1. For Rg/Rh (Cα atoms, Kirkwood Rh), the choices are (i) 1.26; (ii) 0.91; (iii) 0.99; which was calculated from the structure?
2. When HIS48, HIS26 are ordered from fewest to most other Cβ atoms inside 10 Å of their Cβ, what list results?
3. What relative contact order, as a whole-number percentage, does the chain give when Cα pairs under 8 Å and 6 or more residues apart are counted?
4. Projecting each Cα onto the charge dipole of the range 5-110 (Lys/Arg +1, Asp/Glu -1 at the beta carbon, about the Cα centre), which of VAL88, ILE32, HIS107 comes out farthest on the positive side?
5. Grab the Cα-Cα distance for HIS107 and MET40, subtract it from 0.36 nm times how many residues apart they are, and report the gain in nm with one decimal.
6. When the chain is fully extended, how far beyond the present Cα-Cα distance does ASN91 get from MET16, taking 0.36 nm per residue of separation?
7. Hey, got a sec? Which chymotrypsin sites (Phe, Trp or Tyr not before Pro) in the range 1-96 land in a DSSP loop and have at most 16 other Cβ atoms within 10 Å?
Amino acid sequence: MACFLVPMGLGIITMMMRKVFPKKWHMDWLNIMLWGAVTMLALEHIAHGEIILYPPFLTAGLFEIMPEMLAVGGPMAIFSVTIWAGMVLINDALIYKKTTEVKVQTHQKLGHI
């Protein structure tokens, strides 16, 4: 019904704050993942008739929406952030390894090692 609102809220926040975070954190990766989750969840709900394209848009009330947001939207947002964090850590490790190898090769060529 409205589980897509959780990753949407997080996506809005991260889009507004992306200039605050260091470039090496690749906030665009996180935003792409969050908006992909929003799109997937919203399309699924449209297909099942839980979202309509005219007011009130949602076919369920607040008491039906909140448990789904907590049970589906929250884990989807947490999963997206976790995968993004893993991607950033792996990327940093690969860049560190590559720069270390370049430094070693440079020192070997210069005869320092």
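1. Label of the calculated value: (i).
2. Numbers: HIS48 10, HIS26 17.
Going from least to most buried by this count: HIS48, HIS26.
3. On the way: 83 pairs, mean separation 42.0, N = 113.
Rounded, it is 37 percent for the chain.
4. Of VAL88, ILE32, HIS107, it is HIS107.
5. My answer for the length gained is 19.1 nm.
6. Working: separation 75, 0.36 × 75 = 27.00 nm, distance 2.37 nm.
Difference between extended and current length: 24.6 nm.
7. Numbers: sites: PHE4, TRP25, TRP29, TRP35, PHE57, PHE63, PHE79, TRP84, TYR96; in loops: PHE4, PHE57.
When the chymotrypsin sites (Phe, Trp or Tyr not before Pro) of the range 1-96 are filtered for loop state and at most 16 Cβ neighbours within 10 Å, PHE57 remain.
Readers should treat all values here as calculations from the given coordinates under stated rules, not as data from a laboratory. Computed from a predicted structure; not experimentally measured. Every residue, glycine among them, receives a Cβ derived from its backbone with ideal geometry; neighbour counts consider all protein chains shown.
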